[in-house]
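Trainee: My questions all concern the structure below.
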Amino acid sequence: MEQFIEISAKLFAISAVRYFVLAGIPFFLFYKLLHSKFSKSKIQGRLASKKDFIREVFYSMLSTVIMSVIAFAVLFTPLKGYTLIYTDINSFGLWYIGVSVFLALVIHDTYFYWMHRLLHHPKIFRYTHLVHHKSVNPSPWASYSFHFFEAITEGLVLVVIAMVLPMHPISITSFVIVAFMINVYGHLGYEIMPKWFRHSWLFEVSNSSVYHNLHHSKFKGNYGLYFRVWDRMMKTEHPDYVKEYDRIQARRFGIQEEKERIAA
């Protein structure tokens with residue numbers, strides 16, 4: 001028990017620092033320091049309140065505790081013997097680190113899509129996922145803002161990945177960091193993708209901040225976490241997504257103003 005408390009506390013401390021750094025820096029830049037500079041990138045016109053931010057941080061810390069316990073179970077209990085975690089980096093080669101992180105994201109996206117749709121079932125939603133959807137106008141602080149039971153289902157993806165995919169501790173750490181950074185971007189409340197993204201193949205397969213923000217404001221559609229693939233396959237992508245994305249980008253880059261100037 002003493003080892004459990006000590007290691008779990010360390011995992012929590014590391015995760016909490018990661019949360020406040022990776023969510024806090026974008027929040028400070030976009031919502032405080034450079035708010036006026038990025039005003040045209042804001043997806044929703046209104047601003048969330050301080051009360052919203054406090055609630056998001058509180059539930060995110062609760063989720064961090066739960067995920068730290070799950071990480072402890074995967075890495076430091078007999079459960080590890082049932083996983084494919086390895087420690088000799090030469091077992092698969094250095095090149096595999098990047099590949100395994102990408103594959104982990106693909107697995108996570110699939111896991112999340114179906115879990116997310118389940119959480120939106122009318123008989124389940126108000127008891128779990130409603131906590132996350134209280135952030136109708138999400139900020140970076142909402143990235144881990146989950147109900148207790150949702151935090152467990154979110155964290156269990158690490159168990160799934162560790163059991164089906166060979167992962168080095170470096171891969172696990174990289175996956176967790178990359179996943180959280182993408183999650184922060186999805187909840188940023190601002191669209192920051194460059195103009196070229198819209199006409200690239202990445203736009204056809206990847207989510208954007210507008211994509212997930214639309215899910216928060218409309219409460220349905222756009223269930224994917226990283227990619228558009230499952231939503232498009234299952235026809236659950238919100239029909240207004242591309243139009244809304246184009247509207248935000250046109251405002252950001254002055255596309256409409258330029259068309260009107262040329263026409264004049």
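The values are calculated or read from the model by the stated rules, or taken from the named source; none is laboratory data. Please read these numbers as outputs of a predicted model, since none were measured by experiment. Methodologically, a virtual Cβ is constructed for each residue, glycine included, from the backbone with ideal geometry; neighbour enumeration extends over all protein chains shown. These accessible areas exclude ligands, DNA and RNA; they are computed on the full protein's heavy atoms, side chains included. Shrake-Rupley method; radii C 1.70, N 1.55, O 1.52, S 1.80 Å.
Trainee: Report, to the nearest 10°, how far helix 95-119 tilts away from the longest principal axis of the Cα atoms in the chain, using its own Cα long axis and a range of 0 to 90°.
Mentor: 70
Trainee: State in Å² the accessible area per residue of the range 1-122; use a 1.4 Å probe, count heavy atoms of protein chains only, and round to the nearest integer.
Mentor: Ligands and nucleic acids excluded, the figure is 59 Å² per residue.
Trainee: How much of the accessible area of the chain, in percent, comes from carbon and sulfur atoms when a 1.4 Å probe is used?
Mentor: 70
Trainee: Return the whole-Å distance between the Cα centroid of the range 168-233 and the Cα centroid of the range 1-34.
Mentor: Using only Cα atoms, the two centres lie 21 Å from each other.
Trainee: In addition: If r is the Cβ-Cβ distance from Met61 to Thr87 and R0 is 30 Å, what FRET efficiency results, to the nearest 0.05?
Mentor: For Met61 and Thr87, the calculated efficiency is 0.50.
Trainee: With every protein chain present, what accessible area does Phe146 have (1.4 Å probe, heavy atoms only), rounded to the nearest 10 Å²?
Mentor: Here the residue's solvent-accessible area equals roughly 10 Å².
Trainee: Quote the relative contact order of the chain in percent (integer), defining contacts as alpha-carbon pairs under 8 Å separated by 6+ residues.
Mentor: Reported relative contact order: 26 percent.
Trainee: Shifting gears a bit: What translational diffusion coefficient, to the nearest whole µm²/s, does the range 106-175 have by Stokes-Einstein, given a Kirkwood radius computed over alpha-carbon pairs, a temperature of 10 °C and 1.306 mPa s viscosity?
Mentor: After rounding, the answer is 119 µm²/s.
Trainee: Separate question: Please list 43-51, 172-180 highest first by mean number of surrounding beta-carbon atoms within 10 Å per residue.
Mentor: 172-180, 43-51
Trainee: What length, rounded to one decimal in nm, is gained on full extension from Tyr96 through to Asp246, with 0.36 nm per residue of separation minus their alpha-carbon distance?
Mentor: 50.3 nm
Trainee: Which of Ser174, Gly98, Leu29 sits closest to the plus end of the dipole of the chain, meaning its Cα is farthest towards the positive end, when Lys and Arg get +1 and Asp and Glu get -1 on the C-beta?
Mentor: Of Ser174, Gly98, Leu29, it is Leu29.
Trainee: Take every Cα pair under 8 Å in the range 1-158 that's 6+ residues apart, average their separations, divide by the length, and report that relative contact order as a whole percent.
Mentor: Relative contact order of the range 1-158: 40 percent.
Trainee: Report the FRET efficiency, 1/(1 + (r/R0)^6), for Arg126 and Glu2, where r is their Cβ-Cβ distance and R0 is 25 Å, rounded to 0.05.
Mentor: 0.05
Trainee: If you keep only loop residues by DSSP, which trypsin sites (Lys or Arg not before Pro) in the range 82-188 have at most 11 other Cβ atoms within 10 Å of their Cβ?
Mentor: Answer by residue number: Arg126.
Trainee: Another question, if that's okay. Multiply the residue gap between Val106 and Lys218 by 0.36 nm, knock off their C-alpha separation, and tell me the result in nm, one decimal place.
Mentor: 37.8 nm
Trainee: Once all Cα-Cα distances of the range 1-85 are split into 10 Å bins that start at 0, what whole-number percent is in each one?
Mentor: 15, 33, 25, 16, 10, 1
Trainee: Using the Karplus curve 6.51 cos²θ - 1.76 cosθ + 1.60 with θ = phi - 60°, work out ³J(HN,Hα) for each residue of the range 145-153 in order, rounded to whole Hz, and write x for Gly and Pro.
Mentor: Listing the rounded values in order: 7, 10, 5, 3, 6, 5, 4, 5, 5 Hz.
Trainee: Still on this structure, I have one more. With every protein chain kept in place and ligands, DNA and RNA left out, what is the accessible area per residue of the range 146-238? Probe 1.4 Å, answer in Å².
Mentor: Value returned for the range 146-238: 41 Å² of accessible area per residue.
Trainee: Run the quick spin-label model on Leu33 and Ala16: label points 7 Å from Cα toward the beta carbon, then report their separation in nm to one decimal.
Mentor: According to this spin-label approximation, the distance is 2.4 nm.
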